[in-house]
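A quick write-up on the structure given underneath.
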Amino acid sequence: MIKDIFNLRMVSSQYWTAGQPSEEQLADVAKEGFDLVLNIAPQDPRYSLEDEERTVKSLGMEYQLIPIDFKAPTLEDYDRVEAALLMAKDKRVFIHCAANYRVTTIFGCFAVNHLGWSQAEWDDFIADVWNISEFPIWVDYKAQLKHHVKELAK
């Protein structure tokens, strides 16, 4: 059932974020009318489906994989996700990683930059899913993203 996807957050009618869905849950995502599944987790048999791309495409949705190393996220990772989301601006996007940790940080930055979110909304979006302060690399990454977005806006 779609509501059982790990750490599912229905951000808006256009964007939902989550942890790794099962094949059955991806079928529910398709039934909800999503056009694109964007996966930002590296392929890892511990957390990933065997062939998510095949499953997603067989359900009539587009699939894009932008693997982001949890232990070493980069500004270029953000730029690639941002570009994918901008290319899909007229589509319903289901974006996920293993636990919705990467996604809340990266999508939250996108939302500040493109959807009019405040910094507080970004902070709350992350805090609703995980305690970022337990992962110093991600605290630092979020600070880098804030600065990066300000630089892009110049």
Condition first: open to solvent by 70 Å² or more (accessible area, probe 1.4 Å) and over 15 Å from the mean Cα position of the chain (by Cα). Now tell me which residues in the stretch 63-75 satisfy that.
Lys71
From the option list Leu85, Leu75, single residue qualifying as in contact with a strand residue (DSSP E or B) (Cβ under 8 Å, 6 or more places away or on another chain), touching a residue at least 12 places away in the same chain (Cβ under 8 Å) and within 24 Å of Gln144 (Cβ to Cβ) is Leu85
Give the residue that is modelled with the highest pLDDT, with candidates limited to residues of the stretch 47-70 that are assigned to a helix (DSSP H, G or I) and of a type in the set (D, E, K, R).
Lys57
Considering only residues that are outside any helix (DSSP H, G or I) and either open to solvent by 70 Å² or more (accessible area, probe 1.4 Å) or not hydroxyl-bearing (Ser, Thr, Tyr) (or both), which ones fall in the stretch 102-140?
Leu115, Gly116, Trp117, Asp128, Val129, Trp130, Asn131, Phe135
Where residues in the stretch 1-30 are in contact with a helix residue (DSSP H, G or I) (Cβ under 8 Å, 6 or more places away or on another chain) and open to solvent by 60 Å² or more (accessible area, probe 1.4 Å), which of them is nearest to Ala99 (Cα to Cα)?
Asp4
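The values are calculated or read from the model by the stated rules, or taken from the named source; none is laboratory data. None of the values given here were measured: they were computed from a predicted structure. Please note: Cβ atoms are built from the backbone with ideal geometry, for glycine as well, and neighbour counts cover all protein chains shown. All accessible areas refer to the heavy atoms of the entire protein, side chains included, with ligands and DNA or RNA removed. Shrake-Rupley method; radii C 1.70, N 1.55, O 1.52, S 1.80 Å.
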